[in-house]
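Presented below is the structure to which this report refers.
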Amino acid sequence: MIIDTVSRIGGHFGGNLGIVELTLALHYILDTPRDQIVFDTGHQSYPHKLITGRRDTFHTIRQHNGISGFCKREESEYDVFNAGHASTSISAALGIAVGRDFRNEDYHVVAVIGDGALSGGLALEGLNQVGHLKRKMMIVLNDNDMSISTNVGAMSGYLNSIIKGQRYNQLKDLAKGVMDRIPLVGGKLHEVAHDVEHLLKNMVVPGTLFEELGIKYLGPYDGHDLPALLEIIEKNKDYNGPILIHVITKKGKGYEHAENKPIWSHGVTPFDIPSGEVKKPSTPQPPSYTGMFADTLIELGKRDPKIVAITGAMPEGTGLDKFAKVFPDRMFDVGIAEEHAVTFAGGMATQGMKPIAAIYSTFLQRAFDEVFHDVAIMDLPVVFALDRAGIAGQDGPTHHGIYDMAYLRVFPNMICMAPKDENELRHMLKTAFETGHPTSLRYPRGNGMGVKLDPELLSLPVGKGEVMREGDAATIFAIGNEVWPAVHAAEMLAAEGMEVAVVNGRFIKPLDDELIRRFCKPGTKVITVEEGSLAGGFGSAVMERCEELGLANVQFHRIGIPDEYVHHGAQDVLRAQYDLHAEGIAKRVREFVNVAAFSSAAAR
């Protein structure tokens, strides 16, 4: 059912196929939902959803008004803890276990975490506290040697060394069997062997990290051997303390094309089941923003050897895999560790390098303090390339990048910009490396506008906007990928006899004081449009700047994301829901201008 559904509508794929047996074993042995299973991230929650009452609605997964692609407490009592970002399960499960103990209850608590997520700082912090508190809980490490891309880092190497050390468990079991067969002295030999075993384990298997932290370690086991999994979980579920069961799974298990292409299979668009080929659009598409970013970064990298790139386990998603092929020594994948990525970039910037951290907008939220403490305060020239800014689509509230304008513009020294199309993205990327300050560049998921590309890269004047249309009825200040919809809305209104000016803000910070003074005179009507949070976003910035410049009696109307979380669904559907398309903008401008005109007439 997973293969059939995902082949038609897309979604997370390989990880879900890889965890089928483990999910069945956990639910079979445990008394869920009384016993509580916390799935890390949620990329692998499809089998869990299918066997917990959502089979009949599974065809709606990740669709507007359908079920979520991640665990969601509002959706089912079996979904214990919401997640969409990695590395949260151990800390959450420990909190649940402590809460259980305060209430003097006795249910089981299990955290299911992948090897990629285990490299995240939050997961390691959780392990540290689990070993300290020693509460009764189980951690199941689902190890498929992948996160989204191939795992990197020392933790990945450590887990691989455990897998290669499986011979130790076989030798231990053999030795125990031999000792048991020696009459009279077998028991005493076991006592002596305990100390020898500890020494042997440290010599043969580097898998003692968890036990040194105070967590009993078992494994590794075959994560696709259902009878063995049932036996292991049943035998160890009542262990009175923290226990980690290490299982080895294969991403894409059971579907050959997914097994052979694990990076592709993480999250897929519709594809043909027999061939595994992605279903391509019938008409040629403009280049993606991600692709244009990658190509431009390579062009800039050839000009400047000081440019280095950083990603957090997303080389393909951010396009930095292309950069790495050209400059293998100048691209760093730090794993699921956004906090480290930002501070790492700051450190390189102090040595005269020009680091760019390509991180999805929603994931940079995890490094908010590092941006503040390790980059902005020191005014270090780190560039933040924020892919998936705005409405990101079917992954829902944890993945929409709608807060970066609000949470980055608060920092002194920070420069924030957003291109109206893929051509302007190229110029902004060049400009970002020239500012000499922390600079964010946000751009959306998906294809560009199909505009003509300038032959040469240009440096844009920092803080200067662009007048796209003139008009005297009102002015639209738009930012990023909402600029062209605003222009099209103005054209629709012009056909009705209403001439509306359109300004491409280009910069969220600093703003263009000259254009604000020109279009925000007393009595004027101003509409701001942004694919981001209205609270603290671009529209708020324009209003604040008007107040600071002493521009009074300006009538404002802001279009953007209101004070609510945006659910999952196709990008065009969600944009229409919030009037972030040409028709919606035209409707809102029309209503605002007419109401404002009526109010002014009534006041006279």
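The values are calculated or read from the model by the stated rules, or taken from the named source; none is laboratory data. Bear in mind that the values here come from a model prediction, so they are computed numbers and not experimental data. All Cβ positions, glycine included, derive from the backbone under ideal geometry; neighbour counts span all protein chains shown.
For the stretch 563-598, filtered to residues that are within 25 Å of the chain's Cα centre (by Cα), in a helix (DSSP H, G or I) and among the charged types (D, E, K, R), the residue that is nearest to residue 528 (Cα to Cα) is 575.
If you scan the stretch 372-419, which residues turn out to be basic (Lys, Arg) and touching a Phe, Trp or Tyr at 6+ places or on another chain (Cβ under 6 Å)? Hit for the stretch 372-419 is 388, nothing else.
Restricting attention to the stretch 506-522 and to residues that are in contact with a helix residue (DSSP H, G or I) (Cβ under 8 Å, 6 or more places away or on another chain) and not basic (Lys, Arg), the residue that is surrounded by the fewest Cβ atoms within 10 Å (Cβ to Cβ) turns out to be 513. Of all residues in the stretch 528-562, those that are part of a strand (DSSP E or B) and surrounded by 22 or more Cβ atoms within 10 Å (Cβ to Cβ) total 9. Checking 241, 254, 276 one by one, the residue that is within 23 Å of residue 394 (Cα to Cα) and either surrounded by 13 or more Cβ atoms within 10 Å (Cβ to Cβ) or at pLDDT below 90 (or both) is 276 and no other.
Every condition in (1) in the same structural domain as residue 11 (by TED's automatic domain parsing); (2) of a type outside the set (Phe, Trp, Tyr); (3) part of a helix (DSSP H, G or I) is met by residue 263 except one, and the failing one is (1). Residue under question is residue 125, and the condition is that it be assigned to a loop (DSSP other than H, G, I, E, B) and of a type in the set (Asp, Glu); does it hold? Taking the combined requirement at face value, the residue does not satisfy it.
Condition check ((1) touching a Gly at 6+ places or on another chain (Cβ under 7 Å); (2) over 27 Å from residue 143 (Cβ atoms); (3) surrounded by 17 or more Cβ atoms within 10 Å (Cβ to Cβ); (4) free of Cβ contacts under 8 Å to residues at least 12 places away in the same chain) across all residues:
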{"site": "42", "(1), (2), (3), (4)": "yes, no, yes, no"}
{"site": "50", "(1), (2), (3), (4)": "no, no, yes, no"}
{"site": "56", "(1), (2), (3), (4)": "no, yes, no, yes"}
{"site": "61", "(1), (2), (3), (4)": "yes, no, yes, no"}
{"site": "70", "(1), (2), (3), (4)": "yes, no, yes, no"}
{"site": "80", "(1), (2), (3), (4)": "no, no, yes, no"}
{"site": "89", "(1), (2), (3), (4)": "no, no, yes, no"}
{"site": "105", "(1), (2), (3), (4)": "no, yes, no, yes"}
{"site": "109", "(1), (2), (3), (4)": "no, no, yes, no"}
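Restricted to helices (runs of 4 or more DSSP H) entirely inside the stretch 1-104, those with at least 3 residues that are over 23 Å from residue 123 (Cα atoms) are 2-9, 20-29, 46-50. When we screen 413, 447, 481 for residues that are closer than 23 Å to residue 350 by Cα and in contact with a Pro (Cβ under 7 Å, 6 or more places away or on another chain), the only hit is 413. Output yes when any residue across the stretch 484-494 is in a strand (DSSP E or B) and either of a type in the set (S, T, N, Q) or closer than 30 Å to residue 413 by Cβ (or both), and no when none is. Scanning the stretch 484-494, I find no residue that is in a strand (DSSP E or B) and either of a type in the set (S, T, N, Q) or closer than 30 Å to residue 413 by Cβ (or both), so the answer is no.
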